[in-house]
Ligand code: GLN
């Protein structure tokens, strides 16, 4: 955990100890704004919730109570990290995804809200094909925190699945998350690159692979570049290397079912055409769905033997 440098005004909780929560909350806002953090009011509230372990309602009700010195220390440590633009989810070690809370660690991509669309795509397909009434088997390529596979297992109580990752540390975290969500008996984990060595058959292949072109990584926002692991971001020269690999093998691994992929902004057309050309047993053409930001965010295709 980052410590405030000795002699820094943030040491000892920036003098926040013993002051009422409402005052501390107001005092945090200009400090956050001065570091270019947008939404300082909300951020101040969240930091205070983290330091005090109070729920939003309790924080409001306890506005007048004083911050203890332990809380002030926790607050100052979190504040130092936040002022360096570390995402709040990483400071807290948790992120909500599709209504459930996942552990996050430096080994994994911080789950993004737009990835929830991929869950919707799979669940719509399951609804339309009786998938909720049969024991689907699901493959998640590059699982990271496990947010995609584990959410699907929680939503589809008859399903079971396999998650792959090239990072052993990511797999350890994903396993913890499986336990946290109560789905560990239906989840397996494999330490492999992409979908190497896998044969299936699976009913569903999902993936949110690394898709940033290598040369663009340096230009990413520092909150991404400095905190998300490179292996979770780097998609090779054109950003499409894992999609290429998936497109070449997915048809055999999913003889009859659904392939659903998240893509980066502007990649949908190229990923659709990779699937079109390489998935020999595809049934119909790939379709896309648009996220709340207006980007084509998922590409999906059906297969049939
Ligand atoms: N599947 C994980 C997620 O969507 C990890 C993705 C990745 O590391 N590229 O959050």
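First check a/c for segment 146-208, with a ≥ b ≥ c the square roots of the eigenvalues of its C-alpha gyration tensor; if it is under 1.5, answer rounded, and if not, answer prolate when a/b is larger than b/c or oblate otherwise.
oblate
To the nearest 500 deg cm²/dmol, what mean residue ellipticity at 222 nm is calculated for the chain from DSSP H runs of n ≥ 4 alone, each contributing -39,500 (n - 2.57), summed and divided by the residues?
Values: 12 runs with 121 residues, N = 305.
The per-residue figure over the chain is -11500 deg cm²/dmol.
For the pair residue 89/residue 53, report the inter-label distance in nm, with labels modelled 7 Å from Cα in the Cβ direction.
Calculated label separation equals 2.4 nm.
Would you mind checking the tilt of helix 116-128 against the longest principal axis of the Cα atoms of the chain, expressed as 0 to 90 degrees and rounded to 10?
With rounding to tens, the tilt is 40 degrees.
With the radius of gyration and the Kirkwood radius both derived from the Cα set of segment 41-200, what is their ratio Rg to Rh?
Over the Cα atoms of segment 41-200, Rg/Rh equals 1.07.
Find the relative contact order for the chain and round it to a whole percent, using C-alpha pairs within less than 8 Å whose residues are 6+ positions apart. The partial results should precede the final answer.
Details: 571 pairs, mean separation 40.7, N = 305.
The value is 13 percent.
Relative to the first principal axis of the alpha-carbon coordinates of the chain, what is the inclination of helix 69-83, with its axis defined by its Cα atoms, in degrees from 0 to 90 and to the nearest 10?
Helix 69-83 sits at roughly 50 degrees to that axis.
Using a 10 Å cut-off on Cβ atoms, rank the peptides 217-226, 258-267, 15-24 from the highest mean neighbour count down.
258-267, 15-24, 217-226
Label segment 171-252 by shape, choosing from rounded, prolate and oblate, from the square roots a ≥ b ≥ c of the eigenvalues of the Cα gyration tensor; if a/c is under 1.5 it is rounded, and otherwise prolate applies when a/b is larger than b/c, oblate when it is not.
Oblate is the answer for segment 171-252, as a/c is 1.5 or above yet b/c matches or exceeds a/b.
Where does the Debye-calculated log10 I(q)/I(0) of the chain sit at q = 0.06, 0.07, 0.13 Å⁻¹, using only Cα point scatterers of equal weight, no solvent?
Debye intensities relative to I(0), on a log10 scale: -0.24, -0.32, -0.92.
With a/c under 1.5 counting as rounded, go ahead and sort segment 234-305 into rounded, prolate or oblate using the C-alpha gyration tensor (a ≥ b ≥ c being the square roots of the eigenvalues; past the cut-off, prolate if a/b is larger than b/c, else oblate).
Working: a/c = 2.31, a/b = 1.37, b/c = 1.70.
Taking the square roots of the gyration eigenvalues as a ≥ b ≥ c, segment 234-305 is oblate.
Tell me the relative contact order for segment 201-297 as a rounded percent, counting alpha carbon contacts under 8 Å between residues six or more apart.
RCO, segment 201-297: 33 percent.
Between the helical axis of 40-52 and the dominant principal axis of the chain, each derived from Cα atoms, what acute angle in degrees is found, rounded to the nearest 10?
80
If you take every DSSP beta bridge fully contained in the chain, what fraction is antiparallel? Give it as a percent rounded to 5.
Counting DSSP beta bridges with both partners in the chain, the antiparallel share is about 45 percent.
To check you understand DSSP bridge types, tell me what percent of the beta bridges within segment 94-171 (both residues inside) are antiparallel, rounded to 5. All intermediate terms of the calculation are to be shown ahead of the outcome.
On the way: 4 of 9 bridges.
Antiparallel bridges make up about 45 percent of those DSSP assigns within segment 94-171.
Beta carbons within 10 angstrom, averaged per residue: use that to sort the peptides 47-60, 229-242, 107-120, highest first.
Ranking, from highest mean packing down: 107-120, 229-242, 47-60.
Take every DSSP beta bridge with both residues inside segment 116-268 and express the antiparallel ones as a percent of the total, to the nearest 5.
Of the beta bridges lying entirely in segment 116-268, close to 0 percent run antiparallel.
With Rg and the Kirkwood Rh both taken from Cα atoms, where does Rg over Rh land for segment 130-280?
Reported Rg/Rh (Cα atoms, Kirkwood Rh): 0.97.
A short reminder: the numbers here are calculations on the coordinates, not readings from a lab. Because the structure is a prediction, the values reported are computed rather than measured. Here the Cβ is made from the backbone with ideal geometry for all residues, glycine too, and neighbour counts use every protein chain on show.
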